[in-house]
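S.K.: Sharing a structure with you now.
What follows draws every value from the coordinates through simple rules; no lab data is involved. This structure is a prediction, so every number in the text was calculated from the model and none was measured. As a convention, Cβ positions derive from the backbone with ideal geometry for all residues, glycine included, and neighbour counts pool all protein chains shown.
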Amino acid sequence: MISIESLISFLSISFLLAISPGPSNAFLMAQTFTKGKTAGMQTAFGFAIAGVIHTIFAVLGLSAILKTSPIAYQAVQWCGAAYLVYLGIMALRDSFKAAHCSDKPHVSTKKEKNVMFQAMMTEVLNPKVALFFIAFLPQFVDTSLSLSASWQLAIFGLLYPIFAFPIDAMYVHFGDKIASYFRHHPSAQQWLDRITGIVFITLAINIIL
C-alpha cells in the first residue's frame, strides 16, 4: 500500500495547488459571479470530472504524447484557447443583449445545464493541466511497493479532484456572497457578464502564451 508519508506529502502539496490563484479559479469565480452558486458548484463538478479524465490520460500514457509531440500539444492548446474565446464572446454578447432589454430586472437565461460541460471541456483542453498531471503524479510513485505504478498513478490522480472539490466549493460559497449584491442590480449584472467575457478571452490568451 501507499505509505502515509507519501499520502500526507501529496495532500499537502495538492492543498497548496488548489488554493493558489490561477486560470481555473478565475473561471470558477466568473461563473459564480454571473450565474450564481448553483453554476459555481456545477463548474467545480466539471473540474472534478476533468481531473478524472486527466488521470485516465496520465495512466494510459496519452498525456505523454502532449509532452513529447509539439504538434499534439499545440493542437490541444489552440482548441482550448478557441473554446474559451467562444465562451467569452457569448458572455459579452449576452451582456449587450441585456443592455437593450426593457427596464425589467435582468434575469440570466443561460442554460445552467451546460456549465458543467463547459468547465470540464475548459480543463480537459488545457494542455498545462495535462502536463501538470504527468509531471506531478509520478513524483509520488514508489517503485519499491508491490502496488504497480499504474495503480499508484490512478490513486493519486483520483485523490486530487476529490481533495480539490471542497476547496473549489469554498471559493463558490464566498464568491456567491460577494456577488449577491451585483445579481440584484441589473446594470451591475451586465458589467459582470462583460467582465466574465474578458476573463475568458484573457485566459485563452494566457493558454496560448
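S.K.: Please label the shape of region 32-88 as rounded, prolate or oblate, based on the square roots a ≥ b ≥ c of the eigenvalues of the alpha-carbon gyration tensor (a/c under 1.5 means rounded; beyond that, a/b larger than b/c means prolate, else oblate).
M.R.: It comes out oblate by the Cα gyration axes.
S.K.: Identify the residues of region 2-23 with backbone N under 18 Å of a label point that sits 7 angstrom from the Cα of I167 along the Cα-to-Cβ direction, or state none.
M.R.: 6-23
S.K.: Taking R0 as 45 Å, what FRET efficiency do you get between I13 and I71 from their Cβ-Cβ distance, rounded to the nearest 0.05?
M.R.: Values: r = 31 Å, r/R0 = 0.69.
The computed FRET efficiency comes out at 0.90.
S.K.: Arranged from highest to lowest average of other beta-carbon atoms within 10 Å per residue, in what order do the peptides 123-136, 143-156, 24-37 appear?
M.R.: Put in order of decreasing packing, that is 24-37, 123-136, 143-156.
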